[in-house]
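Worksheet: the structure to be examined is printed underneath.
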Amino acid sequence: MELFATAEQMGHEQVVFFHHKESGLKAIVAIHNTVLGPALGGLRMWPYDSEDEALTDVLRLSRGMTYKAAVSGLNLGGGKSVIIGDPKKDKSEAFFRALGKFIDSLGGRYITAEDVNTTVNDMEYIFAETDNVVGVPEVHGGGGDPSPLTAYGTIRGIQACLNRKYGHTDLSKASYAVQGAGNVGIHIIRTLREAGAKVTVCDMNEQRLEECKEMGCEIVDLDAIYDVDCDVYVPCALGATVNDETIPRLKCDIVAGSANNQLAEERHGTELEKRGMIYAPDYAINAGGLMNVAIELQGYNKDRAFRQVKGIYDIIEQIFAIADRDGIPSWQAADRLAEERIAAMSSVKLPHVERRSKRASGRRPKA
Ligand code: NAD
């Protein structure tokens, strides 16, 4: 990869390579944009086939975080880190503490968090070396499992979609097809059932399906979820489930769920709207987890987290307003909302790094 040419094209500020021979750590941190604040984004561990593959992934994911933080109204930029390695074999205390030291050397420009194949325990090792990590255990002032907050934000986003389509926000008046009753999905399903809505669910996890049956959900086979006659399709499992094969099968008015990267390609978001369906852009509707960890930076407070996540309703409405203003699909309007905020704030020059180092941390001092 021509790194500088790619960074210029994608807009990255900084890419840092870390190597720690003794523990075998090989990591890349990509800082995409810090106009709004320090770059926050998770740490992914993956047995990449090549260094180029790892680099491509970290550049793509860090850029995505800039948009997610910006659209969410957070004073944070976008960054991400990847470790090249096998999560089953290569982890050790020294490995993560070495990474913590490296992250600390970035002086607060990058803040890490959990992601695919990294855990709260790994974050605790990193926290031993740097304050620039969120998603730490609750005993250290962390916010704990973000899934309930992600689910709540998704519910708020669904309500904004209901209002756009039907002129009301009453969850009980619509029917739902939920794909995936995992950590996020199960909370969404519970909220919908408590409201009295008709909910159809698919998952391969029998225990979760039993829970759903007890709540009064209808269960369908994995592939049958796309054919369910419902008002809202709620993807909460895999990415890329909105694609050429599934769009003609969907019988819903709204696509709104927590899954990342729901559109196989951006054009599928346009295609949904051509068919009269509303799409809640994934990185905006599922930002509750990010908001939850971001609050750790000011001293974690659950009430404040819920209050902020409640605002996802307004964010989705803002996206729809931009879509109407500019005559563009919602996926594009979300990007525009993010870009407009970054452009507006780039002239304000928030003194974020200095302010953050003086933050009133709610965390306990390290042992
Ligand atoms: P999870 O792994 O707990 O749950 C996913 C569920 O989907 C599991 O129960 C799994 O059995 C099921 N599943 C897998 N393949 C399926 C298929 N083909 N059909 C139906 N079900 C299938 O994950 P999660 O934390 O609940 O996250 C769900 C989605 O939301 C993911 O895309 C994740 O990236 C995204 N997300 C999660 C958070 C969070 O706070 N956890 C935040 C933002 C985005």
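Read-outs throughout are calculated quantities, based only on the coordinates presented, and are distinct from any laboratory measurement. The structure presented is a predicted model; accordingly, all values stated were derived computationally and were not measured. Every residue, glycine as well, gets a Cβ built from its backbone with ideal geometry; the counts of neighbours run over all protein chains shown.
Expressed in nm², what is the orientationally averaged projection area of the convex hull enclosing the Cα positions of the chain? Mean shadow area of the hull around the Cα atoms is 18.6 nm². Ranking LEU222, ILE315, ILE328 by how far each Cα lies toward the positive end of the dipole of the range 205-337 (charges on Cβ) leaves ILE315 at the top. The distance between label points at HIS19 and ASP324 comes to 5.6 nm (points 7 Å beyond Cα on the Cα→Cβ vector). Residues ASP90, ASP282 in ascending order of nearby Cβ atoms (within 10 Å, fewest first): ASP90, ASP282. ILE219 sits among other residues whose Cβ lies under 9 Å from its own Cβ, and their net charge, with Lys and Arg +1 and Asp and Glu -1, is -2.
Cross-link partners among lysines for LYS310, C-alpha distance below 24 Å, same-chain residues fewer than 8 apart left out? Within the straight-line limit of under 24 Å, LYS310 reaches these lysines: LYS68, LYS165, LYS173, LYS198, LYS302.
Local charge for ILE319 was computed over the other residues whose Cβ lies under 14 Å away, with Lys and Arg +1 and Asp and Glu -1, and equals -3.
Report the charge-dipole magnitude of the range 91-161 in Debye, nearest 20, computed about the Cα centre from +1 at each Lys and Arg Cβ and -1 at each Asp and Glu Cβ.
On the way: 5 positive and 10 negative charges, 46 e Å.
The calculation lands at about 220 debye.
With viscosity set to 1.306 mPa s and temperature to 10 °C, compute the Stokes-Einstein D of the range 147-340, Rh being the Kirkwood radius across alpha carbon pairs; µm²/s, no decimals.
On the way: Rh = 16.5 Å.
The Stokes-Einstein estimate is 96 µm²/s.
Out of all DSSP beta bridges with both ends in the chain, state the antiparallel percent to the nearest 5. Percentage antiparallel, nearest 5: 35. Go through the chain and flag any cysteine with no other cysteine's C-beta closer than 4.7 Å, please. Flagged as lacking a Cys partner: CYS161, CYS202, CYS230, CYS236, CYS252.
Over the alpha-carbon set of the range 137-228, divide Rg by the Kirkwood Rh and report the Rg/Rh ratio to two decimals. Intermediate results must be reported in sequence, preceding the final value.
Numbers: Rg = 14.3 Å, Rh = 14.0 Å.
Radius of gyration over Kirkwood radius for the range 137-228 works out to 1.02.
Dipole orientation for the chain: of the candidates ILE186, THR119, ILE342, ILE342 has the Cα lying most toward the positive pole (charges on Cβ; Lys, Arg +1; Asp, Glu -1).
Among SER81, SER346, SER50, the ranking by other beta carbons within 10 Å of each residue's beta carbon, starting with the fewest, stands as SER50, SER346, SER81.
About the centre of its Cα atoms, the chain shows a dipole size close to 1440 debye [charges on the beta carbon of Lys, Arg (+1) and Asp, Glu (-1) only; nearest 20 debye].
Rounded to the nearest 20, the Cβ-based charge dipole of the range 182-243 about its Cα centre (Lys and Arg +1, Asp and Glu -1) stands at 240 debye.
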